[in-house]
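A.B. asks: The structure is given below, and queries will be raised subsequently.
Values quoted throughout were computed directly from the atomic coordinates according to the rules given, and no laboratory measurement underlies them. Every value quoted in this text rests on a predicted model; they were computed, and no experiment measured them. Positions of Cβ are generated from backbone atoms using ideal geometry, with glycine treated the same way; all protein chains shown enter the neighbour counts.
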Amino acid sequence: MKPSDDFSFYLRPIDGELAERCIKLRGDQPYSPIAIHTHGAFPETEGADAVIIGIDNRLGDEGPCGADEIRRQLYALHLPESDLKIVDLGNIIRGERENDTHTALRNVISGLALHRTTAVILGGGQELTHAVYAAYEVLETSVNLAVIDASLDMGEFREALSANNYLSKIVIHKPSYLFNLSVLGCQKYFNDPETMLLMDKLYFDVLRLGEIRDEPKSTEPLLRQADILSIDLEGIKNADAPGSYQPNGLTGEEVCRMARYAGLGDRCSCVGIFNHFPERDPHGQTALLCAQIVWHIFEGLAQRVREYPLMNRADFLEYRVQMAAGGEHITFFKSKKTDKWWMNVPYTAGETGRKVRHHLIPCNYSDYETAATGEVPDLWWRTYRKLT
């Protein structure tokens, strides 16, 4: 597919001075050259591993564009040694109405999702996650969404779409393809008990800041199964991202690690880095952190190994753990190549409920340890409830 035939009119090329700077910086580096959308030259995306899309969320043309400030930092970095094909499509052209921008982003992401190209969105508000999720309707398959944020943005769904209620809009969106929602880095004092209870009733995952701090690898299985990762910079502490107002939050290192996990996961096809405002970042530290987050996504993509236990069992070790109650067992798979773990969740399907199907989910070694004690892992139960 040639995107120029489908959605090039949604995208504005990178401005002359910045384009020249980016081209010069990339020309000095031997690895992963980036094809850039400049005036009169829309790059080919067929076969691209990753595509960069900027969102210009300025009210007018005054002041710096957040996406471009991230580009200035990104293009100065030495990209991972790989043969990745990366394309920078420029910025989504602002519409007369906010909804026009959402429609444009949705159409661009839809085209890219069909071709398994990983889109990296720079800038804009986190409510754009709703447009990204809606774009996945073209795949007509279940979608897993992971969000890095300090709060659960489950505001009143009857109100207009905003950064405070976009998650509730996604949950009630029709048709619904949402299978799982994971919120990583949540800080409990920002969230009312009713919202926390709702997440539990829907069998969604919430990993609090302290839990991630105690066990950083706890995020890996949730990011490995995510199709979309939405990062709110307000989930990062101010000391690491001055553009954030949070005194407590994830560190830059923790977010970069999670970005790499997402890149390594063979499902992830869109990562959005939202709420970067240059006026709150006079020294460019937040823009540099955003660039490093993108770098870690690219490193994950460069090292991505597509593997699935049911496709080639010779590459996996199989473990069956007997449960104390009822004589049932849980099957685990461990990759011989990457040491990653999966857990099998059988469930009944069909009108009579007699047909047994199996759903494999990424998990940690700790889930295997829990099962070995005779206790069913929480992840197994939540997945089973959603399937039945």
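A.B. asks: If you restrict to DSSP beta bridges whose two residues both lie in the range 3-302, what percentage is antiparallel, to the nearest 5?
C.D. replies: Values: 3 of 40 bridges.
Antiparallel: roughly 10 percent of the beta bridges in the range 3-302.
A.B. asks: Then there's this: Relative to the present Cα-Cα distance, how much length would full extension add between Y189 and H329 at 0.36 nm per residue of separation?
C.D. replies: Details: separation 140, 0.36 × 140 = 50.40 nm, distance 3.87 nm.
So the chain would gain 46.5 nm between Y189 and H329.
A.B. asks: Using the Kyte-Doolittle scale, find the helices of the chain whose mean hydropathy is at least 1.0 and whose Cα atoms extend 24 Å or more along the helix's long axis, counting only whole DSSP H runs. Walk me through the intermediate numbers first.
C.D. replies: On the way: long enough: 285-302 (25 Å, 1.09).
Sorted by number, the helices that extend far enough and score high enough are 285-302.
A.B. asks: Can I ask one more? Please give the per residue volume of the convex hull enclosing the alpha carbon atoms of the range 61-213, rounded to a whole number of Å³.
C.D. replies: Dividing the Cα hull volume of the range 61-213 by its residue count gives 164 Å³.
A.B. asks: For K174, give me every one of the lysines with a C-alpha distance below 21 angstrom, ignoring sequence neighbours fewer than eight places off in its own chain.
C.D. replies: Correct list for K174: K201, K386.
A.B. asks: For the chain, set up a Gaussian network in which alpha carbons nearer than 10 Å are linked by springs, and say which option among N238, N248, N312 fluctuates the most.
C.D. replies: Maximum among the listed residues: N312.
A.B. asks: Between the DSSP loop rule and a limit of at most 14 other Cβ atoms within 10 Å, which chymotrypsin sites (Phe, Trp or Tyr not before Pro) in the range 180-284 are left? Walk me through the numbers on the way to the answer.
C.D. replies: Working: sites: Y189, F190, Y203, F204, Y245, Y261, F274; in loops: Y203, F204, Y245.
In loop regions of the range 180-284 (DSSP not H, G, I, E or B), the sparsely surrounded chymotrypsin sites (Phe, Trp or Tyr not before Pro) are Y245.
A.B. asks: Counting only other residues whose beta carbon sits under 12 Å from that of F332, what net charge do I get with K and R as +1, D and E as -1? Provide the component values of the computation, followed by the final result.
C.D. replies: Numbers: positive: R320, K334, K340; negative: E318, D367, E369.
Net of charged neighbours comes to 0.
A.B. asks: Among A163, G284, A50, which residue has its Cα positioned farthest towards the positive end of the charge dipole of the chain, with +1 placed on the Cβ of Lys and Arg, -1 on the Cβ of Asp and Glu, and the dipole taken about the Cα centre?
C.D. replies: Positive-end residue among those listed: A50.
A.B. asks: At 222 nm, what value in deg cm²/dmol follows for the chain if DSSP H runs of at least 4 each add -39500 (n - 2.57) and the sum is divided by all its residues, to the nearest 500? List each step's numbers first, then the result.
C.D. replies: On the way: 12 runs with 121 residues, N = 388.
About -9000 deg cm²/dmol.
A.B. asks: In addition: Count charges around L288 for me, please; just the other residues with Cβ under 11 Å from its Cβ, Lys/Arg as +1, Asp/Glu as -1.
C.D. replies: Every neighbour counted, the sum reads -2.
A.B. asks: A further question follows. May I ask for the percentage of alpha-carbon pairs in the range 191-269 that lie more than 15 Å from each other?
C.D. replies: Summing the P(r) of the range 191-269 above 15 Å gives 63 percent of all pairs.
A.B. asks: May I pose another question? Taking every pair of Cα atoms in the range 313-387, average 1/r, invert it to obtain the Kirkwood radius, and report Rg/Rh to two decimals.
C.D. replies: Reported Rg/Rh (Cα atoms, Kirkwood Rh): 0.98.
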